[in-house]
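This report concerns only the one structure given below.
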Amino acid sequence: MSRAASQRALLVERSALIVVVAIFLAPVAWLISTAYKPARDIFSIPPSFLFTPTLANFRGVFHYFDLFSLLESSLVISLGTTALSLLIGVPAGYALARARTKWAIGIAYFFLAVRTVPAVATLLPFYMMMRDIGLLGTWWAVILLSTSLNASFVVWMMFSYFRSLPKELEEAALTDGCTLFGGFCRVALPLVKPGMVASALLCIMFSWNDFLYSSFLTRSGSKPISVALLTAYGTKDITWGTLGALAHFSTIPIVLLALVLNRYFVQGLTRGAH
Amino acid sequence: MAFLVSRVTARPLIRPFGPPSPARGEGVRFGRRSYLDTSTKPSLPYRRRRQLFLILLGAPALIYVLAVAVWPLAQGVDNSFYDYSLLRPTKTAFIGLDNYRALWINEEARRSIVVSAIFTFSAVAVEFGLGLGLALLLWRDSLFQRVCLALLLIPVTVTPVVVGLVFRALLASDYGMLGYYISAWGLSHPRGWLGDPTTALPTLVAVDAWQWAPFMALILLAGLKSLPTDILEAAEADGATSFQRFRLIILPMLLPAIFLALVLRTMDAFRVFDIVFATTNGGPADATNVLMIYAVKQGLEFFNIGFAAAIANVMIICIAIFSFLFIALIRRADKRANEL
């Protein structure tokens, strides 16, 4: 290919990408912009693209919603789930990667299979279990159930990270007088930090964005922001501007996390898949 | 690592004469106990201790998942054999496979299976087409491409319920920014794309594709980047056109990644709930009543626990069949790609 032709190909490729990115980001941009539009500009007919920005919608959020309680619920549920999932998932991933039995790979596949089960299958019996032991409507119910899925994900992911780590490193530490637990904590763990960051990031994303579990396992006082968004929709006092402003708090934290920690996010999505 | 280094350098470089002495910290060590150290008997041989240690690390997760995921699943299987409704819990009766039979006989249930199948198949097909195109566009390794990938992955992170609400507002025929033009140009029914039974399902497929095609692209891109560049360069040097290179080299070698991407998205699309719940909630006229929506409605709105459990179990069986099929395909494609 001549230089001019390859230059042209590059230009075509780049402009195609720019168009595609613009299309994929347009709905998000619309969502963000609605929050700053005055009510009459959001759904003016025909639709208008120009508006004078206002913060009135954010005042609406504080007026109609107990924002701090919603954010607190979302945070407690997602951080609780993530902490618990990593706490039990990372050691299990290590154990499966280092075990010498044939069973190990089978158990790893078992964890993978648990992740693919549709949420409703466990939700119904779990709902009744929680009702019987009186945890229904608390954060614990959601944390316990979503940890079972997220921990399985963490096990599978960390299994793949630990497996690609040469075991000679830990063996060297053991001959130097390190305990088995020390070999895990002080040699293996620091080397899979990227894997742990990636798993944590995806766990936070899954549990923060979760709707099904929270909507049936929490009550009005313990519901997270994703549930509040949908129940508020269609309530006649709440305008789209207010909803858009509220959606800021649900979407932007995760989008920012994924952009700031993009390397880990991409790594997690591709590694978690294998 | 720092710990390792300090242990090594702390030792004297020139060893003193004489046999290794435990007092100087010498001798072969496994764990904390030296084999030369006979003052206390070793409680367990090293292999045993290691095994026990690994079991201790692995057990909490296994027990947890058995208790919180597998136990409810087993209960679900049990429930599915009963005519069990929370509205009349005293009239629970064992009915064998009747709940499963109802899934075939009941018009609504059969329709739901068909809707789920159509949604899953078309969503995965659309996402695959878009994803492959995007992956090829993103293949070049440059800052520009990396920034584009990061931006393209934003839809994946947006709360699915919010995605549903956004498209509901955008597509509303009277006031939505897209819906207004669609209906003004006569392209939709007065109720809009989401309000009309013929267009609601394709619209949901498009919404799902908007959110998940970038993920498909990412998996395929990872596959593309792991292709051996020497083969591709050799083909180019031999004068293969870019289409020939794609069809004869890239596609066969990419097959494992393609099947992986397909299986992941098939399982997720089959379980779709949030965006459907937030946009149409199964309507209009059951046109988008996918199995998850149907099961949740039966279980948590009408409290037909037995029937809902049967739907969920059929879903699990379907997912198991998909995954075994795809795993077999991935294995075969892997073997072929290695032969290439």
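Selection of the stretch A:130-148 for residues being of a type in the set (A, V, I, L, M) and facing chain B (nearest Cβ under 7 Å) yields A:LEU144, A:LEU145. If you check A:GLY234 against the conditions, is it within 11 Å of chain B (Cβ to nearest Cβ), touching a Gly at 6+ places or on another chain (Cβ under 9 Å) and surrounded by fewer than 18 Cβ atoms within 10 Å (Cβ to Cβ)? In short, no. Please indicate, with yes or no, whether at least one residue in the stretch A:75-84 is at the interface with another protein chain (Cβ under 10 Å from one of its Cβ atoms) and touching a Leu at 6+ places or on another chain (Cβ under 7 Å). Looking for residues that are at the interface with another protein chain (Cβ under 10 Å from one of its Cβ atoms) and touching a Leu at 6+ places or on another chain (Cβ under 7 Å), one finds none in the stretch A:75-84, hence no.
Taking B:THR120, is it more than 9 Å from every other protein chain (Cβ to nearest Cβ), hydroxyl-bearing (Ser, Thr, Tyr), in contact (Cβ under 8 Å) with a residue 40 or more places away in the chain and out of contact with any His (no Cβ under 9 Å at 6 or more places or on another chain)? Yes: the conditions hold for B:THR120. Condition check for A:GLY182 on (1) farther than 29 Å from A:VAL76 by Cβ; (2) assigned to a helix (DSSP H, G or I); (3) touching a Lys or Arg at 6+ places or on another chain (Cβ under 7 Å): one failure, at (3). Between B:ASP208, B:ASP238, B:ASP174, the distinction of being of a type in the set (Asp, Glu), touching a helix residue (DSSP H, G or I) at 6+ places or on another chain (Cβ under 8 Å) and surrounded by fewer than 20 Cβ atoms within 10 Å (Cβ to Cβ) belongs to B:ASP174 only.
Contact map, the stretch B:176-198: first residue among the charged types (D, E, K, R), second residue exposed (fewer than 13 other Cβ atoms within 10 Å of the Cβ), Cβ cut-off under 8 Å, separation 6 or more or different chains; the map is empty. A:LEU67 meets the stated requirement of being in contact (Cβ under 8 Å) with a residue 40 or more places away in the chain, over 30 Å from A:VAL192 (Cα atoms) and not basic (Lys, Arg). Being of a type in the set (A, V, I, L, M) and in a helix (DSSP H, G or I) is the filter; apply it to the stretch A:237-256 and report the residue that is farthest from the other protein chains (Cβ to nearest Cβ). Looking at residues that are of a type in the set (A, V, I, L, M) and in a helix (DSSP H, G or I), I get A:ALA245.
Remark: B:ALA261 falls outside the filter, which requires a residue to be surrounded by fewer than 24 Cβ atoms within 10 Å (Cβ to Cβ), farther than 19 Å from A:LEU124 by Cα and of a type in the set (A, V, I, L, M, F, W, C). Put simply, of A:LEU202, A:LEU269, A:LEU259 the only residue that is at the interface with another protein chain (Cβ under 9 Å from one of its Cβ atoms), buried (at least 17 other Cβ atoms within 10 Å of the Cβ) and not charged (D, E, K, R) is A:LEU269. Screening B:THR198 against (1) more than 14 Å from every other protein chain (Cβ to nearest Cβ); (2) under 28 Å from the mean Cα position of the chain (by Cα); (3) under 16 Å from B:THR279 (Cα atoms) leaves a single unmet condition, (2). Of the residues in the stretch B:272-279, at least one is within 24 Å of A:TYR233 (Cβ to Cβ) and more than 20 Å from the chain's Cα centre (by Cα).
Each reported figure results from applying straightforward, stated rules to the coordinates on display, with no laboratory input. Being a predicted model, the structure only gives us computed values, none of them experimental. All Cβ positions, even for glycine, are placed from backbone atoms using ideal geometry, and neighbour counts span all protein chains on display.
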